[in-house]
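Right, one structure below, let's go through it.
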Amino acid sequence: MNGSKILSFYNEALSLYCGEIISSPRMAIIYPVYGCNFNCQGCLCSDFNQEKIYMDYEKFKTLVVQLKRQGVHAIEFCGGGEPLLHPKICEMISWITNSQHLDFGLMTNGSLLTDELNYLLLTRAKYVRVSLYLNSYNAVIKKVQKLIAMKKELGSDTAIGVKFLISEETQEKIFELIRQTKDLGVDHISVKALRGEDIPVTDLSAVEKKIKAFGFPNLSCDLSKTSITKPCWLSPIHTLIDPLGDVYICCYYMERKADHCIGNVFEKPFSEIWGSNTHYKKISEISIKKCNVYDCRWHTYNNQMRQLFSTNRMQHEFC
């Protein structure tokens, strides 16, 4: 979701700004798997990926039915771990799209894409975003090329995007990979800063300027460190559920699981978790300091919508 797309959530955002919990998240992020076949620098979920944990398929089907009944419109698979590791991944995608008729998107490291998966994704998914890394680029980009080729054959409108993480140490190599990738026919390239506990926050403005100079129209690059000065209030626009059924306020729960978990959908229906007293309490206690550890897109959304509602400089009631 880019900076302008958050405006499509105007009604939900206004309700949240007034202190309400909206009746349903519009989107649910599901982690089908803990565990990954990569070991990437800066991964926020590395501690959770030491062993493979798969979401139970029958419980998953019940969960999706509950989410649809609640009012969820779309489901995204990401991680957590690598979603495509799940042995029932094809059945799960089909259950979302064919059986429940919900929109679907996927974020993946791309290493496990196959012809069967490619066809399923290109006929069912709204988007597929592949994260590209230096040590796996050559192998994965071949799979992305096959995905793009099949997209052209099928006349599919599934958006195919790629994402790079960049730092001062990797910038020259990443520059070259971006040049190579933009000619392959991907719909979107995203470049984010690689940050983590062992990676210092540095000024990457010069790097960002150089990347934007490539002139690729569908390339987005914002390497500045995001932050908020007031508590996050937009999180109920989405929900996140991990392989164990735990429901979290957002995806940045790794260092604060107890503070961000609002219930478990394998123990209690989603309808009893969403909008509960626990949900209200956990949102009201969100730590700004802990939020600002991360680069979070919701920082931008919070700041943008708070300014819209607090100043009303855009006269948003009028056409």
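Run down 81, 42 and say which single residue is modelled with pLDDT under 95, on the phi > 0 side of the Ramachandran plot and under 17 Å from the mean Cα position of the chain (by Cα).
42
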| field | Selection count where residues are over 20 Å from residue 54 (Cβ atoms) and either in contact with a strand residue (DSSP E or B) (Cβ under 8 Å, 6 or more places away or on another chain) or open to solvent by 20 Å² or more (accessible area, probe 1.4 Å) (or both), scope region 247-256 | value | 4
| query | Can you tell me which of 61, 88, 68 is among the basic types (Lys, Arg), open to solvent by 60 Å² or more (accessible area, probe 1.4 Å) and in contact with a Phe, Trp or Tyr (Cβ under 7 Å, 6 or more places away or on another chain)? | reply | 88
| query | Quick one: what pairs do we get from region 66-91, first residue within 24 Å of residue 254 (Cα to Cα), second modelled with pLDDT of 95 or more and in a helix (DSSP H, G or I), C-beta under 6 Å, 6+ apart or different chains? | reply | 75/96; 77/83
| If you scan region 170-194, which residues turn out to be within 15 Å of residue 218 (Cβ to Cβ) and basic (Lys, Arg)? | 179, 182
| Scan of region 210-226 for residues that are over 18 Å from the mean Cα position of the chain (by Cα) and surrounded by 16 or more Cβ atoms within 10 Å (Cβ to Cβ), ordered by number | 211, 216
| said: If residue 1 satisfies all but one of (1) at pLDDT below 90; (2) of a type outside the set (Ser, Thr, Tyr); (3) open to solvent by 70 Å² or more (accessible area, probe 1.4 Å), what's the number of the condition it fails? | reply: (3)
| remark: Out of (1) in contact with a Lys or Arg (Cβ under 7 Å, 6 or more places away or on another chain); (2) modelled with pLDDT of 95 or more, the one residue 134 does not meet is (2)
| request: Looking at (1) of a type outside the set (D, E, K, R); (2) surrounded by fewer than 20 Cβ atoms within 10 Å (Cβ to Cβ); (3) without any contact (Cβ under 8 Å) to a residue 40 or more places away in the chain, find the lone condition where residue 244 falls short. | output: (3)
| remark: Residue hits (region 257-286; basic (Lys, Arg) and either more than 27 Å from residue 304 (Cα to Cα) or surrounded by fewer than 17 Cβ atoms within 10 Å (Cβ to Cβ) (or both)) are 257, 268, 281
| request: For residues that are at pLDDT 90 or above and over 21 Å from residue 252 (Cα atoms), tally how many sit in region 179-195. | output: 7
| remark: Counted residues in region 101-136 being surrounded by fewer than 20 Cβ atoms within 10 Å (Cβ to Cβ) and within 15 Å of residue 181 (Cβ to Cβ) come to 2
| task | List every residue pair whose Cβ atoms sit under 6 Å apart, with the two residues 6 or more apart in sequence or on different chains, where the first one lies in region 150-166 and is open to solvent by 30 Å² or more (accessible area, probe 1.4 Å) and the second, anywhere, is among the small types (Gly, Ala, Ser). | result | 163/131; 163/190
| task | Considering only residues that are open to solvent by less than 90 Å² (accessible area, probe 1.4 Å) and part of a loop (DSSP other than H, G, I, E, B), look in region 306-319 and name the one that is modelled with the highest pLDDT. | result | 312
| query | Scanning for something within 16 Å of residue 295 (Cβ to Cβ), more than 18 Å from the chain's Cα centre (by Cα) and surrounded by fewer than 15 Cβ atoms within 10 Å (Cβ to Cβ), does region 176-199 turn up at least one residue? | reply | yes
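The values are calculated or read from the model by the stated rules, or taken from the named source; none is laboratory data. From a predicted model like this one, the values you see are computed outputs, not experimental measurements. We place every Cβ from the backbone using ideal geometry, glycine too, and count neighbours over all the protein chains shown. The area values use the complete protein model at the heavy-atom level, side chains included, leaving out ligands, DNA and RNA. Shrake-Rupley method; radii C 1.70, N 1.55, O 1.52, S 1.80 Å.
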